[in-house]
1. Along the charge dipole of the chain, pointing to its positive end and built from +1/-1 on Cβ of Lys, Arg, Asp and Glu, which listed residue (M71, N162, S42) has its Cα farthest out?
2. Among E189, E50, E58, rank each residue by its count of other Cβ atoms within 10 Å, from fewest to most, as a rough exposure measure.
3. Just need the relative contact order of the chain here, percent rounded to a whole number, with Cα pairs under 8 Å and 6+ apart.
4. Which entries in the list K37/K130; K85/K138; K83/K130 go over 21 Å, if you measure between the two C-alpha atoms of each?
5. If you rank D32, D171, D119 by fewest surrounding Cβ atoms within 10 Å, what's the result?
6. Evaluate the charge dipole of the range 2-204 about its Cα centre and quote only its size in Debye, nearest 20, assuming +1 on the Cβ of each Lys and Arg and -1 on the Cβ of each Asp and Glu.
7. Here are labelled values, (i) 30, 22, 17; (ii) 71, 26, 14; (iii) 30, 24, 14, and one is the computed semi-axes √(5λ) of the Cα gyration tensor in Å for what I pasted. Which one?
8. How would H118, H146, H157, H107 line up from fewest to most surrounding beta-carbon atoms within 10 angstrom?
Amino acid sequence: MRKKLTISLFLIVIHFSSAVFAADKEKENIIDLTPWKGNNVSNIKLYDSEAGERFFEEVMEYAPKGYTKKMVKDFFYNMFSLKFKSLSVVDENTIIIDNKITGDYVHVGSLSTKAGKHDITWHIFKTDSKEMSQAGFKYFLFLPFHGHGKGSFRHAHLRYGNENFDFLVTDPSVQSWWPAVYQPTETDEAKVMAQMTKIAKLQATMLPPLKRQ
């Protein structure tokens with residue numbers, strides 16, 4: 001029964017995604033990895049600094065009752081967690097993880113969904129590389145680079161795994177998982193952390209209230 005349900009869900013997602021492929025490609029014109037070309041590193045790198053420590057201290061001031069600095073840090077680290085430190089896109093198809101594992105990926109389509117009140121479109125890439133699959137990177141799903149306001153931090157979100165892309169987009173277990181990367185050569189890291197610290201109160205709104213013991 002569970003197998004039939006999984007197959008049915010997969011077919012529904014395929015049907016739904018096929019309806020948005022054409023519109024999405026017309027809008028974004030993404031057919032390969034070119035939009036992410038370059039050296040991409042985890043957002044967590046920004047937090048591993050004195051500025052990052054100040055950021056967490058500031059967020060803690062506005063966090064829901066009961067949060068410690070460690071709990072605030074754990075929340076952000078878990079939300080942006082990645083199995084790697086760097087992802088290099090060297091051409092239209094090739095990804096290198098941590099300068100160790102290389103694989104060629106093809107664009108297999110796009111899937112539009114919602115994140116809260118926002119409509120977002122994931123761009124799906126798949127590899128036949130045995131090495132990448134063994135490491136857990138059969139699929140990569142990307143959101144294009146973007147910022148939240150003029151002059152704001154330019155970053156991209158991604159998800160990855162060996163599960164079908166419908167799981168990586170829609171499963172409840174990944175709803176709070178938003179791995180993010182930026183390109184150091186295009187980023188003033190000190191300026192980014194200063195900006196983030198200024199909006200610590202807003203950042204704190206992402207923290208869920210603690211359950212009463």
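1. Positive-most Cα among the choices belongs to M71.
2. Numbers: E189 15, E50 8, E58 19.
Fewest-to-most ranking of E189, E50, E58: E50, E189, E58.
3. Values: 326 pairs, mean separation 51.5, N = 213.
Value for the chain: 24 percent.
4. Working: K37/K130 23 Å; K85/K138 18 Å; K83/K130 17 Å.
Pairs exceeding the cut-off: K37/K130.
5. Working: D32 16, D171 12, D119 8.
Fewest-to-most Cβ neighbours within 10 Å comes out as D119, D171, D32.
6. On the way: 26 positive and 24 negative charges, 130 e Å.
Value, rounded to 20: 620 debye.
7. Given (i) 30, 22, 17; (ii) 71, 26, 14; (iii) 30, 24, 14, the structure-derived one carries the label (i).
8. Details: H118 7, H146 12, H157 20, H107 17.
Fewest-to-most Cβ neighbours within 10 Å comes out as H118, H146, H107, H157.
Since every read-out is calculated from the coordinates, none of them should be taken as a lab result. Computed from a predicted model, the values in this text were never measured in an experiment. Reconstructed Cβ throughout: ideal geometry from the backbone, glycine too, with neighbour counts over all protein chains shown.
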